[in-house]
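Read through the structure below, which is laid out as structure tokens, and then see the notes.
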Amino acid sequence: MENGKISAQITKLADLLEFQGANSFKIRAYRRGARVVKDSTDSFATMVTSDPSQLLEVDGIGKGVAEKITQLVQDGEIAEINEILETVPSTVLDILRIPGLGPKKAAALYQQLGIQTLEQLQAACEAGEVRKLKGFAAKTETSILEGMAIAAAANERIYWADADELAHSLREHFQHCPGIEQLEFAGSYRRGRETVGDLDILVDSKNAEAVMEHFAGYPDLEQTIVRGETKMSIRVGNSFQVDLRVVKAEAFGAALQYFTGSKDHNVELRGRAKQLGMKINEYGIFQIDGDTETYLAGASEDEVYQTLKLPCFPPELREARTEFELAASNALPDLIQVEQIQGDLHMHTTATDGKSSIEEMADAAKQRGLKYIAITDHSQRVSVANGLDAQRVLEQWKEIDAINAARRDDFLILKGIECDILEDGPMDLPDNVLEQADWVIASVHFGQRQSREQITDRITGALENPHVNIIAHPTGRLINRREAYDVDMEAVFQATRENGKMLELNANPARLDLHDVHCAMARERGIPIVISSDAHKIPGLDVLKYGVKQARRGSLTAAHVANTLSWPELQKLFTGK
Ligand code: DGT
Ligand code: CA
Ligand code: CA
Ligand code: ZN
């Protein structure tokens, strides 16, 4: 068990005790102990396993805390927490975390107004109920509501696409700062994680003060969290945190490597350095000789990795998953790039819930360098989107034939449909219609809460339909908003492969469905992925790059992504069956 987890459990116990109005000395002792555990570099779990009495020798750990830690490590839980939670709902812990609302006030809200959840608290504040309590005022209500908004925003990881927009804006801001030699973004943003917790900027400059002063002048700055000599953290706009570090030129590559992470990747690197008699940190890579350390490299990331006899891994692969094995056998993949995408096979038009016409979508896609698109409007079941019935889709396809014939270029518009898989299994349009399409996407939009067996059967059933080419957004998740449906992905992979079909990586930044690990699984199983925009208007076509990022994290190369092929080549992947 990690120190972080032990510390969090002790803090939780302190919070709950304070909420109950327990003895304040005891609470303070727990809080102090939690802090000591968190900041310690020794493993408390190891101490407990070898000899629990060692705990008492640690400064700041009293008898009470030592007992709780021992129990936690040995039993996996603290009994007293469970006892308290029999009388106090665990949701009050969320309330305790709101800035300006200590356990005493939270207890009053619970005892006098029965408030147990954030939703109830918000409603009570909005209804002016809270100000009626002793010790509360109208101002308290306002500050609670503000605190709730900040707590919610600070907890939320933002979509990679939104982090990307912020990164561009920050880069632009720093263009006007003199004395910057190099500037790079590190962290999860650089690794292309689907959500980003905070942005990390590294600057190479001799004048840290000037860089930080310029940072302080960022127009959307909301709050400066800390400002040191070379390090500064701020919150922008909706409370999102941005960390800045100014480093020297000879350490820039080492810092970029270190702060790009991931943490687990860095742990592996440190082990490797140690084996080679070296040491690596954010300042450089050093030869260790007895007591002397000699700087070997650090100016560029390339030379840092080279010194360890490793390739400069693409940031998207630095998750300590398989990258070290792949490097050892010289098999690092040549990851897909957005320029390799030739066609976009999922988009909507004004015929259903899109905002642009067929020709407008085609022109915009052509302008973006694509060679073909499929128009895939919704089928009739999606009535809120004015989904197409058999007659309307057949008319649309006639129109597409006419447009293709009239266009004097080699850009191709394919006749497609995003056809719902109905709740009880069958496709929303009959086979004699689907068979006339160039491209049939099957989607689950309704009945998403069905049992694992039902959902899985619907999807595998669709894959058995000879006219279906692909399953759209196969798990249905919406990042930060909706869980995936309960679906047996192994069964979906198997049915996809047996029927010679494909799976979509929907590039919408809120979907990114399939996610990175599923992409890697599809790759292992020989299943082609199609990266699609699912655009509903022209700017929607630009999300393909987010899908490509996710695909790269899943180790996909152009060879694994079917729409890097021309349309005739892509079709050949199906005719083998
Ligand atoms: P995030 O911000 O939660 O989306 O994820 P990251 O990966 O950007 O994490 P962050 O911002 O806390 O730190 C940036 C990088 O710095 C992280 O990926 C690895 C490195 N790093 C930070 N703290 C540690 C640490 O305690 N040990 C090691 N080895 N690396 C660390
Ligand atoms: Ca970060
Ligand atoms: Ca950070
Ligand atoms: Zn769609």
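Quick notes
- Here is the list for the range 442-495: GluC sites (Glu not before Pro) lying in DSSP coil, each with at most 16 other C-beta atoms within 10 angstrom of its C-beta, are Glu483.
- Å² of accessible area per residue within the range 259-328, as computed with a 1.4 Å probe and no ligands counted: 54
- GluC sites (Glu not before Pro) restricted to DSSP loop in the range 57-154 with at most 11 other C-beta within 10 Å: Glu77, Glu86
- Distance (nanometres) between label positions extended 7 Å along Cα→Cβ at Arg35 and Ala249: 4.3
- Normalised contact order of the chain, rounded percent, pairs of Cα under 8 Å and 6 or more residues apart: 9
- In this view, the solvent-accessible surface of Cys312, computed with a 1.4 Å probe and all protein chains in place, comes to about 50 Å².
- Relative contact order of the range 338-575, pairs being alpha-carbon contacts under 8 Å that are 6 or more residues apart, as %: 20
- The range 448-487-the range 8-43 distance, computed between alpha-carbon centres (Å): 45
- Dividing the summed helix terms, -39500 (n - 2.57) for each DSSP H run of n ≥ 4, by the number of residues in the chain produces a 222 nm estimate of -13000 deg cm²/dmol to the nearest 500.
- For the range 199-240 versus the range 491-547, the gap between their alpha-carbon centres in whole angstrom: 37
- For the range 369-408 and the range 298-323, distance of Cα centres in Å: 46
- Model label sites at Thr294 and Asp389, defined 7 Å from Cα along the beta-carbon direction, differ in position by 8.3 nm.
- Carbon and sulfur %, accessible surface of the chain computed with the full protein complex present, 1.4 Å: 47
- Measuring between alpha carbons in the structure, the pairs from Lys105/Lys132; Lys5/Lys68; Lys366/Lys415; Lys5/Lys263; Lys12/Lys38; Lys355/Lys501 lying more than 20 angstrom apart are Lys355/Lys501.
- Compared with the alpha-carbon gap, the fully stretched path from Lys139 to Glu423 is longer by 97.2 nm at 0.36 nm per residue.
- Accessible area per residue for the range 338-575 is 41 Å², calculated with a 1.4 Å probe on protein heavy atoms, without ligands, DNA or RNA.
- The residues of the range 1-136 have, on average, 55 Å² of accessible surface per residue, using a 1.4 Å probe with all protein chains present.
- Expressed to the nearest 5 percent, the antiparallel share of DSSP beta bridges inside the chain is 50 percent.
The values are calculated or read from the model by the stated rules, or taken from the named source; none is laboratory data. Since this is a predicted model, take the numbers as computed values, not measurements. Note: ideal-geometry Cβ built from the backbone for every residue, glycine included; neighbour counts use all protein chains shown. The protein model used for the area step is the full one, side chains on, heavy atoms only, and it has no ligands, DNA or RNA in it. Shrake-Rupley method; radii C 1.70, N 1.55, O 1.52, S 1.80 Å.
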